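Have a look at the structure below before the remarks.
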Amino acid sequence: MKKILFISFVIMLVSISFISIVFIYKDKKEDYEQEKVFEEITNIVNKVEEKEENTINIKELYEINNDIVGWIQIDNTSMNYPVMQTKDKPNYYLKRNFYKEYSSLGTPYMAENCNIETSNNLIIYGHHIKGKRVFGELENYKSKEYYNSHKNIIFYTIKEKAEYEIIAVFKTIAYTDFRYYEFYNIKDEKEFNTFIKKCKELSFYSIKETAKYGDRLITLSTCEYSNKNGRLVVVARKVI
């Protein structure tokens, strides 16, 4: 009887190990495939147009998938991704790649209420993935030393290349604390100043650069795991 129980236990352990290996392999395969997608579309946008230096080609990607609204970069980091938007399907790219296929990494996307042309705060979401992938890179901004070396965000659209200067980095709790994601179309100076003041109060460290009413902002948001529903947020103002 003991022998039978022992054999059964061994079989169970082997089965569990096998299932675990299968799941790990599946996850690694999905991650690899998504990284290949990012690499593929990065090669497309890096095709520099004749006589146009220091730019990338979004138009070709737009012809493939017109959900793309921009491309985000932070120099000397892994942040180099397309930004999608589906106003009628919020969070559509949370679990989809650029080609609309399932992906656990997802693709950075802009909040459905933002208007790329008129909103004075463009809110962009991305997964917090280990290994500095997707918006996992933002975790480094908890360090002021890192911020000092990576102060600017570049955001390309079909029409322009814009540069944003970071003015605050903070964490908060979604749905209960500071609802930064509701400030996508700030209507007046009082509301704008309230938003900036709160961002500054929550910031991990003091940043002398700030924003004034009339400036355009970009807000990057990802998960932050020290609290349930935690969010890590980087806010920057347009300078070029």
Burial-style ranking of 204-211, 163-170, average other-beta-carbon count within 10 Å with highest first, yields 163-170, 204-211
Any chance you could get the radius of gyration and Dmax over the Cα atoms of the range 189-236, in Å?
11.9, 34
How big is the dipole moment of the range 59-238 about its Cα centre under a simple scheme where the beta carbon of each Lys and Arg is +1, that of each Asp and Glu is -1, and everything else is neutral? Debye, nearest 20, please.
380 debye
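Would you mind checking the pairs K100/K132; K59/K208; K89/K212; K200/K228; K87/K197 and listing those with alpha carbons more than 27 angstrom apart?
Pairs exceeding 27 Å: K59/K208; K89/K212; K87/K197.
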Find how much the distance from Y102 to N193 grows on full extension, using 0.36 nm per residue of separation minus their present alpha carbon separation; answer in nm with one decimal.
28.8 nm
Cα convex hull of the range 112-151, projected area averaged across orientations, nm²
3.9 nm²
Per-residue counts of other Cβ atoms within 10 Å, averaged by peptide: what ranking do you get for 75-85, 59-69, highest first?
75-85, 59-69
Largest-first semi-axes in Å of the equivalent ellipsoid built from the Cα gyration tensor of the range 59-238 are 23, 19, 16
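No lab work stands behind these numbers, since they all come straight from the coordinates. For clarity, every value in this text was computed on a predicted model and none was experimentally measured. Positions of Cβ are generated from backbone atoms using ideal geometry, with glycine treated the same way; all protein chains shown enter the neighbour counts.
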